[in-house]
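What follows is a short report on a single structure.
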Amino acid sequence: MKIYTKTGDKGYTSLIGGTRISKADLRIEAYGTIDELNSHIGLVRDLNTEESSRSLLKQIQDRLFTIGAHLAAEPEQQKKVLPDLKEEDIQALEQAIDQMEAALPPLRHFVLPGGHPSVSFCHIARTVCRRAERNVIAFAEKIEIHPLIIPYLNRLSDYLFVLARKMAQEVGAEEIKWLPRT
């Protein structure tokens, strides 16, 4: 299989099912941002030294491929051979959030992103996740999507925020509170 096909040279791509659509379509923006998020998650995983977090991040990457496949499939293709997103995937994120929060000081202020490169990259992944969520919501306003995609992305951004806090704690980085000027 060649990596280049030249079929997209005029600004169109194929969905799972064969329909050709503009690369500027909301659907492409949605799953393209999911792909971007997946790359950022890979970087966070590479920078994270804690094995259980690395393992969950790898699972998250798999789920993001699943989400991308659902978004890239024509409606009649979505029930056929696509991998599935399950409620347990959201629960896994919630359990990880709860476990990390139990070891962190209570959050009483907004936190400025930063403190260490690994923490900053985790915050970048979080903000890309929020953008992916917005793009998927815009797409879902036009076409019905898998009902767990938006809740999964919402919970994933929460997970990435708490993971950034945990990573800051692990590397001894100061968590800088945002205190608005008055």
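Where a number appears in this text, it was derived from the coordinates with a stated rule and is not lab data. This structure is a prediction, so every number in the text was calculated from the model and none was measured. Here the Cβ is made from the backbone with ideal geometry for all residues, glycine too, and neighbour counts use every protein chain on show.
Take THR7 and GLU141, extend 7 Å from each Cα along the Cα→Cβ direction, and tell me the distance between the two endpoints in nm.
If labels sit at THR7 and GLU141, their model points lie 3.1 nm apart.
On a 0 to 90 degree scale, rounded to 10, what angle separates helix 117-140 from the longest Cα axis of the chain?
Helix 117-140 sits at roughly 40 degrees to that axis.
Treating only the Cβ atoms of Lys and Arg (+1) and Asp and Glu (-1) as charged, compute the dipole magnitude of the chain about its Cα centre; round to the nearest 20 debye.
Charge dipole of the chain: 600 debye, to the nearest 20.
Please report the relative contact order for the chain, taking Cα pairs under 8 Å with a sequence separation of at least 6, and give it as a percent rounded to a whole number.
Value for the chain: 27 percent.
If you filter the range 101-182 for GluC sites (Glu not before Pro), then keep DSSP loop positions with at most 12 other Cβ within 10 Å, what is left?
Within the range 101-182, the qualifying GluC sites (Glu not before Pro) (loop, at most 12 other Cβ atoms within 10 Å) are GLU141, GLU144, GLU174.
Taking the Cα centroid of the range 124-179 and of the range 34-69, what is the distance between the two, rounded to the nearest whole Å?
Their Cα centres are 12 Å away from one another.
Going down the list LYS2/LYS23; LYS23/LYS166; LYS10/LYS86; LYS86/LYS142, which pairs span over 32 Å between their C-alpha atoms?
Pairs exceeding the cut-off: LYS23/LYS166; LYS10/LYS86.
With +1 on each Lys and Arg Cβ and -1 on each Asp and Glu Cβ, how big is the dipole of the range 29-136 about its Cα centre, in debye rounded to the nearest 20?
With only Lys, Arg, Asp and Glu charged at Cβ, the dipole is about 280 debye.
So how long is each side of the chain along the principal axes, counting just the alpha-carbon atoms, biggest first, in Å?
51, 37, 33
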